[in-house]
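Student: This is the structure, below, for whatever I ask next.
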Amino acid sequence: MAKQRQQQMRVEQRGGMAAMQRLETRSDEELEAETRYKSAALAILGARAAERYDAKATRAYYQRAIAAARPQERLQLRRMADASIALAERRAGDLRDAVTRLGQAPPSNRQLLMLRLMGLLAPPPGASLLLRVRGFAIVIAVVILLLAIGLGIAELVALPFGGVGLGGGLLLGLAVVVVVLGVLALWGRRRQARARARARAAA
């Protein structure tokens, strides 16, 4: 009897995971309106909120998902919630541990480094004043450094033509920085899209 119950629980869990994969393509409004697989829909909304680094919404969605789930699904949902909340709050070490507990490959060192940098530049809501001031100071320093690099590149390019003044050099440097950042952002989004497509295909 116990073996039969365990088999039924595994079948139901696989059904819930399959439902989650089917629901991933739906819009937020469609997920909110979902009734048959309510917990799976809310978990997807929680994961999306985590990708926006919205910790408050992430917690709220997963609390509703766990409340709507069957008892045998709640442990997995709690583990998913731990991973998503760690991502939303930019806690790289906790994210790695939570993803490992889910039985998935942990994020790469590069991804964890970027998350740590994000945590420095944009501390999560509720962070202390000191952390917010530190983040603001780092952002200002990064902007000044990028402008200096852009100015150097502009001066180097314009050197054969007699060089440019400080004002023109700053404008050219700013244009160079904007173009480079735009290219990097586009490249990063395409990489993320390819990674998600590979993950869906593997699932």
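Student: Could you say whether any residue in the range 36-46 is closer than 20 Å to ALA98 by Cα, in contact (Cβ under 8 Å) with a residue 60 or more places away in the chain and either buried (at least 20 other Cβ atoms within 10 Å of the Cβ) or more than 21 Å from the chain's Cα centre (by Cα) (or both)?
Tutor: No, every residue in the range 36-46 fails to be closer than 20 Å to ALA98 by Cα, in contact (Cβ under 8 Å) with a residue 60 or more places away in the chain and either buried (at least 20 other Cβ atoms within 10 Å of the Cβ) or more than 21 Å from the chain's Cα centre (by Cα) (or both).
Student: Oh, and also: Kindly provide the set of residues from the range 47-68 that are surrounded by 20 or more Cβ atoms within 10 Å (Cβ to Cβ) and hydroxyl-bearing (Ser, Thr, Tyr), ordered by number.
Tutor: Correct list: THR58, TYR61, TYR62.
Student: Could I ask something else about it? In the range 135-148, which residues are closer than 15 Å to ALA175 by Cβ and either surrounded by 14 or more Cβ atoms within 10 Å (Cβ to Cβ) or at pLDDT below 75 (or both)?
Tutor: If the condition is that a residue be closer than 15 Å to ALA175 by Cβ and either surrounded by 14 or more Cβ atoms within 10 Å (Cβ to Cβ) or at pLDDT below 75 (or both), then LEU146, LEU147 are the ones that fit.
Student: Looking at the structure I just gave you, is ARG74 under 17 Å from the mean Cα position of the chain (by Cα) and surrounded by 14 or more Cβ atoms within 10 Å (Cβ to Cβ)?
Tutor: No.
Student: Still on this structure, please answer the following. For the range 85-108, which residues satisfy the criterion of being of a type in the set (D, E, K, R) and under 18 Å from GLY119 (Cα atoms)?
Tutor: If the condition is that a residue be of a type in the set (D, E, K, R) and under 18 Å from GLY119 (Cα atoms), then GLU89, ARG90, ARG91, ASP94, ARG96, ASP97 are the ones that fit.
Student: In addition: If you scan the range 74-108, which residues turn out to be closer than 23 Å to ALA122 by Cβ and among the hydroxyl-bearing types (Ser, Thr, Tyr)?
Tutor: Answer for the range 74-108, where residues must be closer than 23 Å to ALA122 by Cβ and among the hydroxyl-bearing types (Ser, Thr, Tyr): SER84, SER108.
The values are calculated or read from the model by the stated rules, or taken from the named source; none is laboratory data. These figures come from a predicted structure and were not determined experimentally. Ideal geometry is used to build each Cβ from the backbone, glycine not excepted, and the neighbour counts take in all protein chains shown.
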